[in-house]
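Below is one structure, written out as structure tokens; comments come after it.
The values are calculated or read from the model by the stated rules, or taken from the named source; none is laboratory data. Since we're looking at a predicted model, the values are computed, not measured. When we count neighbours, we look across all protein chains shown, and the Cβ atoms used for this are built from the backbone with ideal geometry, even at glycine. SASA here: full protein model, heavy atoms, side chains in, ligands and nucleic acids out. Shrake-Rupley method; radii C 1.70, N 1.55, O 1.52, S 1.80 Å.
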Amino acid sequence: MRRYATLSPAEIDASTPHRSSAFNDYYFSITDPIGERQTVFIEGNDLQKRFQSLKPNQTIRIGETGFGTGLTFLVACDQFLNHAPDHARLQWVSTERFPMVKSQITKALSALPLNSDLKTLADTLCDDWPQLIPTCHRRLFCAGRITLDLYFGDSTDVFSDISGVIDAWCLDGFSPDRNLGSWTPKLFQAIADHSHRQTTLSTFTAARVVRDGLSAVGFTVSKVPGFGGKRERLVARFNGSQKPMIWAPKQHLGEPHHIAIVGGGLAGAWTAHALAKRGFPVTVFEQFSPASGASGNTQGITYAKLSIEATPNSLIQMQALAHLDHWFQLLPNDVWQHTGVLLLAQNQQQLAHQEKLLKSLPDCHPLMLPVSKADASNLCGQALNYGGLHIPSGGWLNPKRCVETLLKHPLIQVQTYHRIASVESTVDGAKLQIAISDEQTIDYPCDLLIWANAREADRFTQLPLPFKAVRGQITAIKMKTALKMPICGDAYLAPAWDGVMTCGATYTPNSDDLTARVEDDRSNLNAINQLIDHVRWSNDDILGHRVSIRTATPDYAPVIGQLADTALWNNELQGLRHDASYRPNNDLSFVTGQYILAGLGSRGTLTAPIAAEILVSQLLGEVLPVSESVRHALAPDRFLRRDLIRNLS
């Protein structure tokens, strides 16, 4: 059983904000902390020169063990902004097993002699400091030029399974004689596995265990003068063989001229916004108007439905929960309401499942809290028939207005009533033929094509994508109670907005019938009447309804990534028919410039932002903000692989 990771908060000396009482050690040199960071890590990895030599849209990827106060990151950002070309990018991938809480890191950084530029960066870091949830927390700085992927978790666990390679390593953390468990052969092997022949490494220590450990995995290690009274420290360069990444895409975005996104729902809007905020112009083609499908509802309940086991789908939902306040802060109050959500247990089986789930989740931050019937009633302001789980970070979103807000960006052009008639793969990307009327079509060549509409992707791509249509009907009803937060059981009931409450939604697989049904309205009313005490809705309270079609996958996980070359994969992967662990000898080919983000299902309001970040990182050549295991499980080619293993194709 795959378990959720755990972590512990930092233990900081009450009188010294830069000292760990747990490890009896300082986070950096007390006499000259900034000078130490500059000498050991910036100069140790020759970063100033490497920043200067970056090309437009090129990303330098730096890995760090031990984020601590974030001082090394801040110094590196300052150097990058002073020396790198305007359109170059910095990605900083760091881990912290014992993270500080917001008040601790704010106190630690405010006590340092930071110049104005460093202080501005530090304030931004502290203002949006994440909750102590063991996942990757992504933050963007300086108009998207700098990406911080901060993993709250063990360095070895994280770097053993990152999806991508690192250009320079900063090995920090407490000294080996005080924290030997963080300087292990397994960590050194993980670092080597995600390095290439130009990867460098620097660290403050010259301990024999580190020197020998790095040498054993393919690094050429040198001793150089230490800093601040330390006699020596280590620098290194990787000279081993890069570990092959058979299944992962290798082509990355250079300097694109035309980026096309097909689909103007939540998936397309979040992807377009993720690209635009990094400075890339985007054109969104929508066959009707934006948010005309399932993303067009006025209320969508945003919460996670986690498994007891740490499945890839549960891990990205937990990661999305950890980011909600960060991502949704750009949305006005009429789009996002951070109210919390109640997930009710309507029978003993559901209650037992919730109890097991709570035991399996990390206890470092309350993602979900058990609540009695009385407590649940007090939280939502309405007498309920059941208790269950309270999800404090959840709430409700207006998906339609969310899409409209995201697409209102000067670098995003939206072409409505543009229907894709055909697509042709080219050497540089793709050429779309687009119908703008019954008689007229136009050609649109693009370097990058992103399918953000499952039906269109299924129609125009060769890769087997077993999307299934799921019909859902919601019902608008009169406001009969001042509900403070959404309640979810066999159906959901959302708080009133403009005097109207929403409930639903029905779930009818393999149906694309958009005709509203009286029996579905009745089903929605019956379901919510079971949840609430003393209040009842009848047919006379129905104000309207809306039917839409969601697309889901057989494993209920989204589809994210570059499209595989179906014919070549089928040919290269015949060994999967006889051995499910078969790996080909050569790298696998992908369709040049074509990607997909679709199949978000009923969790789209929650997972669309993290899905967009995964996709954009992949096409920019960054380390992904999820593990390789999760990337592999969400990849579009997973169904092709499964069919071969099952001898279905």
Paramagnetic label zone (point 7 Å from Cα along Cα-to-C-beta, V224; backbone N under 13 Å) in region 37-59: 37-50
Charge dipole (region 305-396, unit charges on Cβ, about Cα centre) - positive-most of L361, Q348, W336: Q348
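Quick one: which of 326-332, 480-486, 589-595 comes out on top by average Cβ neighbours within 10 Å, and what's the full order, highest first? Numbers along the way, then the final one.
Numbers: 326-332: 14.4, 480-486: 18.4, 589-595: 21.6.
The most tightly packed comes first, giving 589-595, 480-486, 326-332.
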Over region 1-113 - Rg/Rh using Cα atoms and the Kirkwood inverse-distance radius: 1.03
Highest-first arrangement of 156-169, 236-249, where packing means the average Cβ count within 10 Å: 156-169, 236-249
Full-stretch length increase - H353, R401 - with 0.36 nm per residue and alpha-carbon distance subtracted: 13.8 nm
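Calculate, in nm to one decimal, what D513 and R178 gain on full extension: separation in residues at 0.36 nm each, minus their alpha carbon distance. Walk me through the intermediate numbers first.
Values: separation 335, 0.36 × 335 = 120.60 nm, distance 6.47 nm.
Full extension of this stretch gives 114.1 nm more.
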Computed Rg/Rh of the chain, alpha carbon atoms with Kirkwood Rh: 0.98
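Counting only heavy atoms of the protein chains, get the accessible area per residue of region 420-512 (1.4 Å probe) and round it to a whole Å² value. Present the calculation step by step, with values, prior to reporting the outcome.
Values: 4100 Å² over 93 residues.
Averaged over the residues of region 420-512, the accessible area is 44 Å².
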Within the accessible area of the chain (1.4 Å probe), percent carbon and sulfur: 48
Estimated translational D of region 199-340 in µm²/s (Stokes, Kirkwood radius over Cα pairs; 25 °C; 0.890 mPa s): 119
Residues D587 and H196, FRET efficiency given R0 of 22 Å [Cβ-Cβ distance, rounded to 0.05]: 0.95
Peptides 560-567, 227-234 ordered by average Cβ neighbours within 10 Å, highest first: 560-567, 227-234
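What percent do you get for the relative contact order of region 405-543 when only Cα pairs under 8 Å and 6+ apart count? Don't skip to the answer; put the middle values down first.
On the way: 197 pairs, mean separation 23.8, N = 139.
For region 405-543, the relative contact order is 17 percent.
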Inter-site label distance for A143 and L330 at 7 Å from Cα along Cβ, in nm: 1.4
Tail weight of P(r) past 15 Å, computed on alpha-carbon pairs of region 140-220, percent: 60
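Taking the Cβ-Cβ separation of T16 and T441 as r and a Förster radius of 51 Å, what is the calculated FRET efficiency to the nearest 0.05? It would help to have the intermediate numbers written out before the result.
On the way: r = 70 Å, r/R0 = 1.36.
Plugging the Cβ-Cβ distance into 1/(1 + (r/R0)^6) gives 0.15.
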Charge tally in the Cβ shell below 14 Å around P176, where Lys, Arg are +1 and Asp, Glu are -1, P176 excluded: 0
FRET E, pair S8, Q251, Förster distance 41 Å, beta-carbon r, rounded to 0.05: 0.50
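How long is the gain from R577 to R646 if the chain were fully straight, where each residue apart is worth 0.36 nm and the alpha carbon distance is subtracted? Write out the running numbers ahead of the final one.
On the way: separation 69, 0.36 × 69 = 24.84 nm, distance 0.68 nm.
So the chain would gain 24.2 nm between R577 and R646.
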Amide H contacts of T135 (H built 1.01 Å from N, under 5 Å, at least 5 apart or other chain): F152
Electrostatic dipole magnitude of the chain [Cβ: Lys, Arg +1; Asp, Glu -1; Cα centre; debye, to 20]: 740
Nitroxide proxy distance, nm - points 7 Å out along Cα→Cβ at E424 and M479: 5.6
